[in-house]
1. How many of the residues making up segment 135-148 are under 15 Å from Gly190 (Cα atoms) and among the charged types (D, E, K, R)?
2. Take Gly167 and tell me if it is part of a loop (DSSP other than H, G, I, E, B), crowded, with 18+ Cβ neighbours inside 10 Å and at pLDDT 95 or above.
3. Which one is farthest from Ala157 (Cα to Cα), of the residues in segment 60-76 that are part of a loop (DSSP other than H, G, I, E, B) and over 20 Å from the mean Cα position of the chain (by Cα)?
4. Hey, among the residues in segment 176-196 that are within 16 Å of Ala165 (Cα to Cα), among the small types (Gly, Ala, Ser) and within 17 Å of the chain's Cα centre (by Cα), which one's modelled with the lowest pLDDT?
5. Looking at (1) in contact (Cβ under 8 Å) with a residue 60 or more places away in the chain; (2) outside any strand (DSSP E or B), which one does Ala179 not meet, given that it meets all the others?
6. Looking at this structure, is Ala57 outside any strand (DSSP E or B), of a type in the set (A, V, I, L, M) and farther than 24 Å from Arg178 by Cα?
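The values are calculated or read from the model by the stated rules, or taken from the named source; none is laboratory data. Worth saying up front: this structure is predicted, and the values here are computed from it rather than measured. All Cβ positions, even for glycine, are placed from backbone atoms using ideal geometry, and neighbour counts span all protein chains on display.
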Amino acid sequence: MRATVSPRRRGFTLIEMAIALAIMALLSAGAIALLQSAQLRARIARTQDALEQAREALDAYAVIHRSLPCPAASPLDGYEQSRAGGQCASRRGLLPWSTLGVQGLDGWDNRLGYVVSPGLVKRPGERIQLSSQGDVRIVQRDGQGSEIDVVTASAVAYGIWSHGANGRGATTHLGTLRADDGSDNIDEKGNSSQAGSDPVLRAREEGAAGSAGGEYDDIVLWESRYILFGRMMQAGQLP
């Protein structure tokens, strides 16, 4: 009887193994890219929710106290500066999260910035009037790279913002300042949330290094004084 010989099994060749590894690497890179993109979208969504929550709290504060709050006095406790003198020690700084009862953190666990119109900050016992005007400038870049106003400054009550994914110049939830190591991020540097008197807030499309105004990924929100006044009227606090 003739014996049958089973076909010889052979392993992968080096070329086949190289192709398989290349395919696995491509699939892994694609999966990582998708995961990173999903994480970024989630952080942006958290940031937008935090900004909306801050806006609701600021408007409610104005309804109750007939004044907008000053920025936080300290990056550690989050309580607003004193309004006893009728004006803020600095109109620009961090959102006073403790005073407002919100977290005041963006999707990267950095503090939200806040700039307020002095005309809408009143000492205790005084109140916002219909004649009270804003003066926060919201600007962007035109096609030639020049700064232009997005809205009329007198219509802006306040602005709030996140320093975005790169977090340059942001204050962390621990109260420490993150270094701004950008080389040409002019607009991000202009959106400092350190204490100051600058009324300008840059709000433009995301841009890479080399674009007009430099690299930019800040997320900005502002409130119209007319919307704020409307809410105060509905609550019987104006006129």
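1. Number of matching residues: 3.
2. Values: part of a loop (DSSP other than H, G, I, E, B): yes; crowded, with 18+ Cβ neighbours inside 10 Å: yes; at pLDDT 95 or above: yes.
Considered against the rule, which asks whether it is part of a loop (DSSP other than H, G, I, E, B), crowded, with 18+ Cβ neighbours inside 10 Å and at pLDDT 95 or above, Gly167 comes out as yes.
3. Of the residues in segment 60-76, the ones part of a loop (DSSP other than H, G, I, E, B) are 66-71, 73-76.
Of the ones still in play, those that are also over 20 Å from the mean Cα position of the chain (by Cα) are 66-67.
Working: Arg66: 13, Ser67: 11 Å.
Across segment 60-76, the extreme among qualifying residues is Arg66.
4. Step one: list which residues in segment 176-196 are within 16 Å of Ala165 (Cα to Cα), which gives 177-182, 185, 187-189, 191-193.
From what's left, among the small types (Gly, Ala, Ser): 179, 182, 192-193.
In the following step, the residues that additionally are within 17 Å of the chain's Cα centre (by Cα) were identified as 179, 192-193.
On the way: Ala179: 92, Ser192: 96, Ser193: 97.
By that ranking, first place goes to Ala179.
5. So Ala179 meets the others, but not (1).
6. Working: outside any strand (DSSP E or B): yes; of a type in the set (A, V, I, L, M): yes; farther than 24 Å from Arg178 by Cα: yes.
When the stated conditions are applied, Ala57 passes them.
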